[in-house]
Amino acid sequence: MTTSSIELQDLRKKIYIKAKTEKTWKFWGLYVHICKTETLRAAYEMARKNKGAPGIDGVTFAAIEESGLEEFLERIREELVQGTYLPMKSREKEIDKGNGKTRTLKIPSIRDRVVQGAVKLILEPIFESDFLDGSYGYRPRRTAHQAVQRVSKALIEGKTRVLDLDLKSYFDTIRHDILLNKIAGRVEDKKVLRLIKLILKAGGKRGAGQGGVISPLLSNIYLTEVDAMLEKAKEVTREGKYTCVEYARFADDLVVLINKHYKWDWLVPAVEKRLREELSKVDVEINQEKTKMANLEEGETFSFLGFDFCKRKNWKGKRVVTCTPRGKAKANLKLKIREIFKHSKSHPIKGVIEQINPILRGWTNYFRVGNSAKCFGELRYWVEKKIRRHLMRSRQRKGFGWKRWSSEWIYRNLGLFNDYKVRYLQKAKVSLA
């Protein structure tokens with residue numbers, strides 16, 4: 001680690017401590033830190049680590065480094081210092097959501113990613129001190145698995161009435177005026193606010209486009225008051241050390257869990273009403289079709305971050321909370337693997353395995369928490385059959401070759417992925433890229 005990165009780290013730490021201890025303090029003089037070559041270089045390294053396609057200008061990381069990284073960073077610094085920096089329009093890419101609908105991903109140029117990253121490096125410590133415990137999306141040292149664990153724990157404690165909220169086109173509908181006012185509540189630096197406004201306006205009249213480096217931070221700032229309302233609901237209904245309400249939010253994915261006891265029946269409509277009021281203040285619409293109330297005591301299920309939650313009988317006949325991969329997630333995985341086999345019919349089997357192993361590893365690493373053993377067993381068997389079928393077709397034979405090749409031989413000699421071990425949520429130590 002270089003001296004400069006240590007200095008930046010120390011600055012971020014000091015900003016965080018100040019913001020944490022003085023909740024009403026408004027920070028000034030931040031723009032100069034954004035413009036520092038040290039900050040811009042750290043932002044560039046972040047962008048490079050995350051890789052990603054070039055923006056609308058077509059400039060790649062390789063091209064930047066070939067022509068000179070220091071010159072590239074110095075040009076950005078001069079534009080920022082002189083006030084002549086203007087972000088480019090983001091390149092738009094449609095991402096298939098798997099239900100016939102698409103999500104628009106907005107990819108900034110590397111130049112703009114560096115500027116956004118520099119702004120994030122300086123502002124993140126301020127707002128991270130204000131973010132609440134139930135918020136997990138795109139925050140340092142917080143993961144989707146921790147959010148899933150929070151939900152599982154609440155269900156086990158008896159909070160089995162669940163309001164599963166879906167926010168309609170959340171990232172695309174964020175109002176710039178409301179967001180800038182929220183930022184101004186902690187930042188008294190006109191140059192910083194002007195820079196953020198330029199970044200936002202480059203993406204359109206509303207929204208903080210998905211794909212931008214700073215968009216996740218801005219989206220969390222926008223919904224902090226919603227989290228605060230839910231934290232207050234927890235405290236108002238607290239009985240000693242027990243809470244009757246819990247929530248978990250990962251960006252725009254929000255679930256609220258309420259105690260199953262009949263005396264808390266009034267809480268269900270009350271919490272929903274207050275949520276709608278808070279969301280209306282920031283002009284966020286609820287998708288009525290996808291928002292639902294689920295009662296696990298009545299055999300209903302709900303989904304959160306790719307997992308299905310429900311209550312089922314275990315081998316002892318006792319009804320317990322289970323957390324399993326969504327059927328849709330499993331179907332999408334199989335579709336990806338089928339496509340690889342479809343386009344690799346004449347390829348050597350080891351080449352095919354090299355393509356599917358990273359996909360299997362990534363999928364199982366995410367879903368290996370909770371009650372995934374049965375799903376993993378079925379997946380392992382299905383993948384092995386696909387491998388066997390490929391081997392037999394290459395020899396112009398039918399069947400799966402169960403007698404010809406043992407499973408042990410396939411995993412050992414061909415190197416097929418075979419780590420389907422399930423871990424408890426409490427012991428899972430995984431981080432999202």
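The values are calculated or read from the model by the stated rules, or taken from the named source; none is laboratory data. None of the values given here were measured: they were computed from a predicted structure. With ideal geometry, Cβ positions are generated from the backbone for all residues, glycine too; neighbour counts draw on all protein chains shown. These area figures cover heavy atoms from the full protein model, side chains too; ligands, DNA and RNA do not enter into them. Shrake-Rupley method; radii C 1.70, N 1.55, O 1.52, S 1.80 Å.
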- Query: Under the rule of -39500 (n - 2.57) per DSSP H run of 4 or more residues, summed and divided by the residues of the chain, what mean residue ellipticity at 222 nm is obtained, to the nearest 500 deg cm²/dmol?
  - Reply: -15500 deg cm²/dmol
- Task: Give the ranking of LYS205, LYS313 by solvent-accessible surface, highest area first, calculated with a 1.4 Å probe.
- Result: LYS205, LYS313
- Inter-site label distance for VAL422 and ARG194 at 7 Å from Cα along Cβ, in nm: 5.8
- Task: Out of all DSSP beta bridges with both ends in the stretch 276-433, state the antiparallel percent to the nearest 5.
- Result: 90
- With every protein chain in place, what's the accessible area of THR173 (1.4 Å probe, Å², nearest 10)? 40
- When the scattering of the stretch 1-138 is computed by the Debye formula from its Cα atoms alone, each counted once and equally, what is log10 I(q)/I(0) at q = 0.09, 0.13, 0.17 Å⁻¹? -0.34, -0.68, -1.04
- Message: Over the chain, what is the relative contact order in percent, taking alpha-carbon pairs closer than 8 angstrom and at least six residues apart?
- Response: 16
- Tell me, what % of the accessible area of the stretch 138-192 is carbon and sulfur with a 1.4 angstrom probe? 47
- Item | Tensor-based shape of the stretch 27-71 (alpha-carbon gyration tensor, a/c under 1.5 rounded, otherwise prolate or oblate) | prolate
- State in Å² the accessible area per residue of the chain; use a 1.4 Å probe, count heavy atoms of protein chains only, and round to the nearest integer. 53
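What percent antiparallel are the DSSP beta bridges of the chain, to the nearest 5? All intermediate terms of the calculation are to be shown ahead of the outcome.
Working: 34 of 38 bridges.
So the antiparallel bridges in the chain amount to around 90 percent.
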- Which trypsin sites (Lys or Arg not before Pro) in the stretch 234-278 pass both tests, a DSSP loop state and at most 11 other beta-carbon atoms within 10 Å? LYS241
- Note on the structure: Of VAL383, VAL59, ordered by accessible area with the largest first and a 1.4 Å probe, the sequence is VAL59, VAL383
- Scoring the stretch 1-88 by relative contact order with C-alpha pairs under 8 Å, at least six apart, yields a percentage of 30
- Between ALA53 and THR84, take the C-beta separation as r, use R0 = 25 Å, and let me know the FRET efficiency to the nearest 0.05. 0.40
- Message: Going through the cross-link list LYS49/LYS328; LYS49/LYS93; LYS190/LYS232, which pairs have a Cα-Cα distance over 23 Å in this structure?
- Response: LYS49/LYS328; LYS190/LYS232
- Query: chymotrypsin sites (Phe, Trp or Tyr not before Pro) within the stretch 228-271: which are DSSP loop residues with at most 16 other Cβ atoms inside 10 Å?
  - Reply: TRP266
- So between LYS201 and GLU408, what do we pick up on full extension, going 0.36 nm a residue minus the alpha carbon distance? 68.8 nm
- Task: Could you grab the relative contact order for the stretch 80-183? Cα pairs under 8 Å, six or more apart, rounded to a whole percent.
- Result: 12
- Message: Can you give me the distance in nm between label points at TRP266 and LYS241, each placed 7 Å from the Cα along the Cα-to-Cβ direction?
- Response: 2.8
- Please give the FRET efficiency for ARG397 paired with LYS328, using the beta carbon to beta carbon distance and R0 = 41 Å, rounded to the nearest 0.05. 0.75
- Query: Just the projected area, averaged over all directions, of the convex hull on the alpha carbon atoms of the stretch 175-281: how many nm²?
  - Reply: 8.1
- Could you state how much accessible area CYS375 has, in square angstrom rounded to the nearest 10, with a 1.4 Å probe and all protein chains kept in place? 20
- Could you tell me what fraction of 2.2 N^0.38 Å the Cα radius of gyration of the chain comes to, as a two-decimal ratio? 1.12
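Which of the three applies to the stretch 101-230, rounded, prolate or oblate, going by the alpha-carbon gyration tensor with a ≥ b ≥ c and a/c under 1.5 meaning rounded?
prolate
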- Item | Length added when fully stretched, ARG141-LYS23, from 0.36 nm per residue minus Cα-Cα | 40.3 nm
- Query: Taking 0.36 nm per residue of separation and subtracting the Cα-Cα distance, what length does fully extending THR60 through LYS374 add?
  - Reply: 108.7 nm
- Message: Testing the spin-label approximation: label points 7 Å from Cα along Cα→Cβ at GLU289 and ALA184. State their distance in nm.
- Response: 3.7
